[in-house]
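The values are calculated or read from the model by the stated rules, or taken from the named source; none is laboratory data. Not measured: the values here are computed from a predicted model. Quick reminder, even Gly has a Cβ in these numbers, built from the backbone with ideal geometry, and neighbours come from all protein chains shown. Ligands, DNA and RNA are stripped out before the accessible areas are found, and what is left, the full protein with its side chains, is counted by its heavy atoms. Shrake-Rupley method; radii C 1.70, N 1.55, O 1.52, S 1.80 Å.
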Amino acid sequence: MSSYIWKKILHEVEKSLDDTQSCINPPASNSQIYLLEQTLNCSLPGTFKEYLLTFNGQRLVNTYPYTPFLGFHYFLSSEDIIEIWTTMNTLFNREEPLEWIEENKIKSIIWSDKWIPFTDFESQQRLILDLNPGKNGISGQIFLYHSGMDYQEIVADSFEEFSLNILKRLQEKDYAPTDHIIRFNDDYI
């Protein structure tokens, strides 16, 4: 289901932006996804794996470090996911819970090894696939991680819902293309 959705998303993006293909990686291979799961020591949701089998993130192109095509986040390749996940685990995985933040849908910690980053915006914001939710959260929810901040926000209850939200906005033309970026009118991502 998710591969179909992401093929439609890429088609909608291509209709709005001329050279999207120049920054899209080819699909991930099954061996790349296997390595990703082995490195992260988790089983990724099927919808997330289907997304990676559609395209494996974005290439770093132009002189700017990245060229996002949806919002200001660029989509990470499986290799980039491993790199960022490893760095965040090295820096923050052994930190104590944050006592001044009440746990709700997201754990009140700086980082969890079950948080899977799949987009990045200047190393400050990342969309996270949350496989270790808080007491009122849902495994597989998507949240916006703000580096160094004591708040995060839930974007969708699942990767499929996240994907469908993007597709709906694109099909309804609820965006403005500017500087080779599709910026959603409600700043969804």
Any hit, the stretch 29-52, residues being open to solvent by 10 Å² or more (accessible area, probe 1.4 Å), of a type outside the set (A, V, I, L, M, F, W, C) and at pLDDT below 95: no
Among the candidates Glu79, Glu103, Glu99, residue that is among the charged types (D, E, K, R) and part of a helix (DSSP H, G or I): Glu79
Count of the stretch 106-139 residues which are within 12 Å of the chain's Cα centre (by Cα) and part of a loop (DSSP other than H, G, I, E, B): 1
Breaking point among (1) within 25 Å of Ile33 (Cα to Cα); (2) in a loop (DSSP other than H, G, I, E, B); (3) touching a residue at least 12 places away in the same chain (Cβ under 8 Å), for Ile84: (2)
Test: residue in the stretch 89-104 that is open to solvent by 20 Å² or more (accessible area, probe 1.4 Å) and touching a strand residue (DSSP E or B) at 6+ places or on another chain (Cβ under 8 Å): no
Any hit, the stretch 143-153, residues being open to solvent by 30 Å² or more (accessible area, probe 1.4 Å), without any contact (Cβ under 8 Å) to a residue 40 or more places away in the chain and within 22 Å of Glu37 (Cα to Cα): no
Hits in the stretch 161-189 (condition: open to solvent by 20 Å² or more (accessible area, probe 1.4 Å), farther than 22 Å from His146 by Cα and not in a strand (DSSP E or B)): Leu164, Lys168, Arg169, Gln171, Glu172, Lys173, Asp174, Asp179, His180
Condition broken by Asn132, with the remaining ones in (1) more than 25 Å from Pro27 (Cα to Cα); (2) touching a Lys or Arg at 6+ places or on another chain (Cβ under 9 Å); (3) at pLDDT below 90 satisfied: (3)
Residues located in the stretch 119-129, provided they are modelled with pLDDT of 95 or more and open to solvent by 40 Å² or more (accessible area, probe 1.4 Å): none
Close pairs (9 angstrom Cβ cut-off, 6 or more residues apart or separate chains): farther than 10 Å from Val13 by Cα and free of Cβ contacts under 8 Å to residues at least 40 places away in the same chain in the stretch 168-182, open to solvent by 50 Å² or more (accessible area, probe 1.4 Å) and in a helix (DSSP H, G or I) anywhere: Asp174/Lys168
Condition check for Tyr4: touching a helix residue (DSSP H, G or I) at 6+ places or on another chain (Cβ under 9 Å), among the aromatic types (Phe, Trp, Tyr), at pLDDT 80 or above and surrounded by fewer than 18 Cβ atoms within 10 Å (Cβ to Cβ): yes
